[in-house]
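The values are calculated or read from the model by the stated rules, or taken from the named source; none is laboratory data. On a predicted model such as this, the values are computed, not experimentally measured, just so you know. Don't worry about glycine lacking a Cβ; one is built from the backbone with ideal geometry, like all the others, and counts go over all protein chains shown.
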Amino acid sequence: MSHYYGRMLGSRGEATRCGTKDSGMITVAAGWGGAIRVQLFQDEGVDMFAIEQIPWEGTGVSQTIACGEIGQMLDTDFNSGKFKILTTRRQKREKEDK
């Protein structure tokens, strides 16, 4: 059953996609200078998000813009322990997926 929903609009009209609690959802929007990736996922039963700049076709930078719990105010202090824990969990999950 779908838990996450996404919608995008471009020159070919609108497209929608769904993701489950297990699959999560990843969206990438790119331009000439790089791309933005948005990820929705569950971490210990909590809906989370991560927004990052990523390289695209060899151009751009890698940088986390924001990460947090969906529906909650964002802790903009990237040096806080909470951000480091989320980043570590996400990196661990990415390594396990490879």
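Hey, can you tell me all the residues within the range 3-49 that are of a type in the set (S, T, N, Q) and either out of contact with any strand residue (DSSP E or B) (no Cβ under 8 Å at 6 or more places or on another chain) or surrounded by 13 or more Cβ atoms within 10 Å (Cβ to Cβ) (or both)?
Initially, the range 3-49 is screened for residues of a type in the set (S, T, N, Q), giving 11, 16, 20, 23, 27, 39, 42.
Scanning the range 3-49 gives SER11, SER23, THR27, GLN39, GLN42.
Does the range 50-60 contain at least one residue that is among the hydrophobic types (A, V, I, L, M, F, W, C) and either loosely packed, with under 12 Cβ neighbours inside 10 Å or in contact with a Phe, Trp or Tyr (Cβ under 7 Å, 6 or more places away or on another chain) (or both)? Working first, answer last.
Keep residues of the range 50-60 that are among the hydrophobic types (A, V, I, L, M, F, W, C), which gives 50-51, 54, 56.
Checking the rest, the ones that are also either loosely packed, with under 12 Cβ neighbours inside 10 Å or in contact with a Phe, Trp or Tyr (Cβ under 7 Å, 6 or more places away or on another chain) (or both) come to none.
Within the range 50-60, not a single residue is among the hydrophobic types (A, V, I, L, M, F, W, C) and either loosely packed, with under 12 Cβ neighbours inside 10 Å or in contact with a Phe, Trp or Tyr (Cβ under 7 Å, 6 or more places away or on another chain) (or both).
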Checklist outcome for this item: Restricting attention to the range 8-20, the residues that are modelled with pLDDT under 95 and closer than 24 Å to GLN72 by Cα number exactly 1
